[in-house]
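Visitor: What follows is a structure written as structure tokens; I'll ask about it next.
The values are calculated or read from the model by the stated rules, or taken from the named source; none is laboratory data. Predicted model only: the values in this text are computed from it and were never measured. Positions of Cβ are backbone-derived with ideal geometry, glycine not excepted, and every protein chain shown enters the neighbour counts. For the accessible areas, the whole protein counts, side chains as well, though only heavy atoms, and no ligand, DNA or RNA atoms are used. Shrake-Rupley method; radii C 1.70, N 1.55, O 1.52, S 1.80 Å.
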Amino acid sequence: MSDYDIRDERFRRLIVGHARLEKLWTGARWVEGPVYVPAARHLLFSDIPNDRVLRFCEDNGTVSVFQTPVGYHNGHTLDHQGRVIACEHGGRRVSRLAHDGTWQALATHWQGKRFNSPNDVVVKSDGTIWFTDPTYGIDGAYEGGHATSEIGASNVYRLDPETGDVRVVITDRVRPNGLAFSPDEARLYVSDTGKSHVPGTPPAIHVYAVATDGSVAPKGVFSVCDAHLYDGFRVDWMGNIWTSTGDSVHCYAPDGKLIGRIPIPEIVSNVAFGGPKRNRLYITAQTSLYAIYLNSHPAGWTPPG
Ligand code: MG
């Protein structure tokens, strides 16, 4: 029996047929924001309502508290120097964990107004940091603190960490949430979880064309979720999208077809490739951390040798 739900033959090449879904740990209220830190061989992830960042150590399989309180972190990623970038609901900012162990603010405002609550983040090959800014961290106290949006919209931004320059790149989403680039970075995928606030908003991943000058243009819907909604997702080196849904991880080919699923017994929030070979998919889902080995690895990473 397989832990995979194969919908298209292309999916068979991306999986290890007999690999099992592993439940690595449970005990959170809502986990999100997984990031693999290769130099430490650990995965950091957020337990947002408990205002803590947790750490899964690959060498001994244990989970411990990395930091609490931490400012209600949500999404994380790595920059090209191996530093963790964080989206903070509490601080309503994007920050970076310096090599000396301190969190440094990279961006707090756009046009003089505070961000809502940065949610998810990716780093482009040129070093710029792209992040979404919906309102989930200011809608109430559970995942941050209640506040009124100063910007009055939920946008996607591009941050240049060298200069601090922040530009808005996407303004046509209701609640932009997860985001990732295609392997050639000509496409930016953005999920919209806006049905939480505006009933009828399709729970979709949208495609944007990214020009070489960094400008962004909408190119329509990539896929619509048939299992609650898409939150965070990642792209593998062949351009397949591995995304969270309400009951599973879905894998879409670059043409938008659902080619396979990995059923998960909790609501999935996000995924991240990890392990020394980056072939282990870590899955944050509601109260727990799961993982499964794949026959793929993330975009932007080249296997050694
Ligand atoms: Mg998210």
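Visitor: Test Pro161 against the stated conditions and say whether it is more than 18 Å from the chain's Cα centre (by Cα) and closer than 22 Å to Pro34 by Cβ.
Guide: On the way: more than 18 Å from the chain's Cα centre (by Cα): yes; closer than 22 Å to Pro34 by Cβ: yes.
Against the criterion (more than 18 Å from the chain's Cα centre (by Cα) and closer than 22 Å to Pro34 by Cβ), Pro161 qualifies.
Visitor: Now a separate question. Collect the residues in the stretch 210-235 that are outside any strand (DSSP E or B), away from the ligand (no atom under 16 Å from the Cβ) and open to solvent by 20 Å² or more (accessible area, probe 1.4 Å), keeping them in residue-number order.
Guide: Ala211, Thr212, Asp213, Ser215, Asp226
Visitor: Report, by residue number, each residue of the stretch 100-128 that is more than 11 Å from Ser154 (Cβ to Cβ) and within 16 Å of the ligand (Cβ to nearest atom).
Guide: Scanning the stretch 100-128 gives Asp120, Val121, Val122.
Visitor: Follow-up. Among the candidates Leu54, Leu24, which residue alone is within 16 Å of Gly274 (Cβ to Cβ), in contact with an Asp or Glu (Cβ under 9 Å, 6 or more places away or on another chain) and among the aliphatic types (A, V, I, L, M)?
Guide: Leu54
Visitor: Any idea how many residues of the stretch 120-143 are within 17 Å of Leu78 (Cα to Cα) and open to solvent by 10 Å² or more (accessible area, probe 1.4 Å)?
Guide: Taking the stretch 120-143 first, the residues within 17 Å of Leu78 (Cα to Cα) are 120-132.
Keeping just the survivors that are open to solvent by 10 Å² or more (accessible area, probe 1.4 Å) gives 122-127.
Selection size over the stretch 120-143: 6.
Visitor: Related question: Just need a number here: residues in the stretch 30-73 that are in contact with a Pro (Cβ under 7 Å, 6 or more places away or on another chain), farther than 21 Å from Trp301 by Cα and within 15 Å of the ligand (Cβ to nearest atom).
Guide: Number satisfying all stated conditions: 1.
Visitor: While we're looking at this one, here's another question. Scan the stretch 190-208 and report the pairs whose first residue is more than 16 Å from the ligand (Cβ to nearest atom) and whose second residue is among the polar types (S, T, N, Q), with Cβ atoms within less than 8 Å and a gap of 6+ or a chain change.
Guide: Close Cβ pairs satisfying both conditions: none exist.
Visitor: Now, a different point. Would you tally the residues in the stretch 144-170 being part of a loop (DSSP other than H, G, I, E, B) and buried (at least 22 other Cβ atoms within 10 Å of the Cβ)?
Guide: 2
Visitor: Has the stretch 159-166 got any residue that is in contact with a helix residue (DSSP H, G or I) (Cβ under 7 Å, 6 or more places away or on another chain) and β-branched (Val, Ile, Thr)?
Guide: Checked against the condition, which is being in contact with a helix residue (DSSP H, G or I) (Cβ under 7 Å, 6 or more places away or on another chain) and β-branched (Val, Ile, Thr), the stretch 159-166 yields no hits at all.
Visitor: A further question on this structure: What pairs can you find where one residue is in the stretch 292-305 and more than 10 Å from Arg234 (Cβ to Cβ), the other is among the β-branched types (Val, Ile, Thr) and surrounded by fewer than 19 Cβ atoms within 10 Å (Cβ to Cβ), and their Cβ atoms are less than 7 Å apart, with a gap of 6+ or different chains?
Guide: Tyr293/Val16; Leu294/Val16; Asn295/Val16
Visitor: How many residues does the stretch 239-264 hold that are in contact (Cβ under 8 Å) with a residue 60 or more places away in the chain, open to solvent by 20 Å² or more (accessible area, probe 1.4 Å) and not basic (Lys, Arg)?
Guide: Residues flagged as in contact (Cβ under 8 Å) with a residue 60 or more places away in the chain, open to solvent by 20 Å² or more (accessible area, probe 1.4 Å) and not basic (Lys, Arg) within the stretch 239-264 amount to 3.
Visitor: Output yes when any residue across the stretch 133-145 is without any contact (Cβ under 8 Å) to a residue 40 or more places away in the chain and not charged (D, E, K, R), and no when none is. Let's see the steps before the verdict.
Guide: Let us first name the residues in the stretch 133-145 that are without any contact (Cβ under 8 Å) to a residue 40 or more places away in the chain, namely 139-141.
Then keep just the ones that are not charged (D, E, K, R); that gives 140-141.
Yes, some residue in the stretch 133-145 is without any contact (Cβ under 8 Å) to a residue 40 or more places away in the chain and not charged (D, E, K, R).
Visitor: Among the numbered criteria (1) in a loop (DSSP other than H, G, I, E, B); (2) within 16 Å of the ligand (Cβ to nearest atom); (3) crowded, with 18+ Cβ neighbours inside 10 Å, which one does Gly178 miss?
Guide: Checking Gly178 against (1) in a loop (DSSP other than H, G, I, E, B); (2) within 16 Å of the ligand (Cβ to nearest atom); (3) crowded, with 18+ Cβ neighbours inside 10 Å, the one that fails is (1).
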